[in-house]
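Step one of this worksheet: look at the structure below.
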Amino acid sequence: MSAQTTVVPSQEIKLFQKWSFKEISVVDIGLQRYLNLVPMVAPHSMGRHEHQRFRKAKVNIVERLINGLMRSGKNSGKKAKATNIVKEAFEIINVKTNKNPVEVLVKAVENASPCEDTTRISYGGVVYHLSVDVAPQRRIDLAIRHITAGARNASLNNPRSIQETLADELILAANKDIKSAAVAKRNEIERVAQSSR
């Protein structure tokens, strides 16, 4: 009698057991090393990146969006609540666009990340603003900050929930629409930087 070997097909890891990370690519060459798309079921790394420099580049982009929603104030420290907000926003994105929401998020972050910014230089008691290139890590940080701030401000004093406003913000930013708060902010930052070259 010979022992039979059964081959178990490897199961794909999907975000929230629904959204695939396959065939999602980062077009922006500068962001490729910093925009993490490692497949995971639950976007929760327990803050393992916290104590090492530049380690947040290894944190999945969906978890970074969730962490961005936990700004000081209403949702501070409520990760489960922020995760549910993103989960529901992803459902809305899928219904509205028929696309993978992770792909929409990646496109939105690419389109909302500013390439140029200004810095203050004091020279002989006079402060000048000088145009500088933005590091890739900071570009992603700024994009996520502007996307979440735009969604939060849109849902303030509004009957629409933050899930709906976040979904709309991501869709608009992915389409590079000027109505998106994050894209408008990027354009404003780059316009100021261009004028101070």
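Would you mind checking the tilt of helix 101-112 against the longest principal axis of the Cα atoms of the chain, expressed as 0 to 90 degrees and rounded to 10? It is inclined by approximately 20 degrees. Model label points for Lys18 and Lys99, set 7 angstrom from Cα along the Cα-to-Cβ axis, are 1.8 nm apart. Against the chain, whose longest principal axis is taken from its Cα atoms, helix 136-155 shows a tilt of about 90°.
For Thr119 and His51, a Förster radius of 41 Å and the Cβ-Cβ distance give a FRET efficiency of 0.90, rounded to the nearest 0.05.
Available extension along the chain between Ser195 and Glu91 is 33.4 nm, counting 0.36 nm per residue and deducting the alpha carbon span. Taken over the Cα atoms of the chain, the convex hull encloses 185 Å³ per residue.
Expressed as an acute angle from 0 to 90° and rounded to the nearest 10, what is the orientation of the C-alpha long axis of helix 162-174 relative to the principal long axis of the chain? Computed tilt is about 80 degrees. The modelled label-to-label distance between Arg145 and Asn84, using points 7 Å beyond Cα along the C-beta direction, is 2.9 nm.
Quotient of the Cα radius of gyration of the range 1-118 and 2.2 N^0.38 Å, N being its number of residues: 1.29.
Our helix-only sum for the chain, with -39,500 (n - 2.57) per DSSP H run of n ≥ 4 divided by its residues, gives a mean residue ellipticity at 222 nm of -14500 deg cm²/dmol. If you roll a 1.4 angstrom probe over the protein chains with everything in place, what fraction of the accessible area of the range 16-146 belongs to carbon and sulfur, to the nearest %? Summing carbon and sulfur atoms, their accessible area is 51 percent of the total for the range 16-146. Along its first, second and third principal axes, ordered by size, the range 153-197 spans 42, 22, 11 Å in Cα coordinates.
Sorting Tyr123, Tyr128, Tyr34 by solvent-accessible area of protein heavy atoms yields Tyr123, Tyr128, Tyr34, largest first, with a 1.4 Å probe.
Summarising the label geometry, the points placed 7 Å from Cα in the beta-carbon direction at Ser131 and His44 lie 4.6 nm from one another. Relative contact order, whole percent, for the range 146-197 stands at 32, derived from Cα pairs under 8 Å and 6 or more residues apart. Shown is the FRET efficiency for Arg160 and Glu188, computed with R0 = 30 Å from the Cβ-Cβ distance and rounded to the nearest 0.05: 0.80. For the peptides 42-52, 156-166, residues were scored by their other Cβ atoms within 10 Å and the scores averaged per peptide; the highest-first order is 156-166, 42-52.
The values are calculated or read from the model by the stated rules, or taken from the named source; none is laboratory data. The model shown is predicted, which means the values in this text are computed figures rather than measured ones. Quick reminder, even Gly has a Cβ in these numbers, built from the backbone with ideal geometry, and neighbours come from all protein chains shown. Keep in mind that these areas ignore ligands, DNA and RNA; they rest on the heavy atoms of the full protein, side chains included. Shrake-Rupley method; radii C 1.70, N 1.55, O 1.52, S 1.80 Å.
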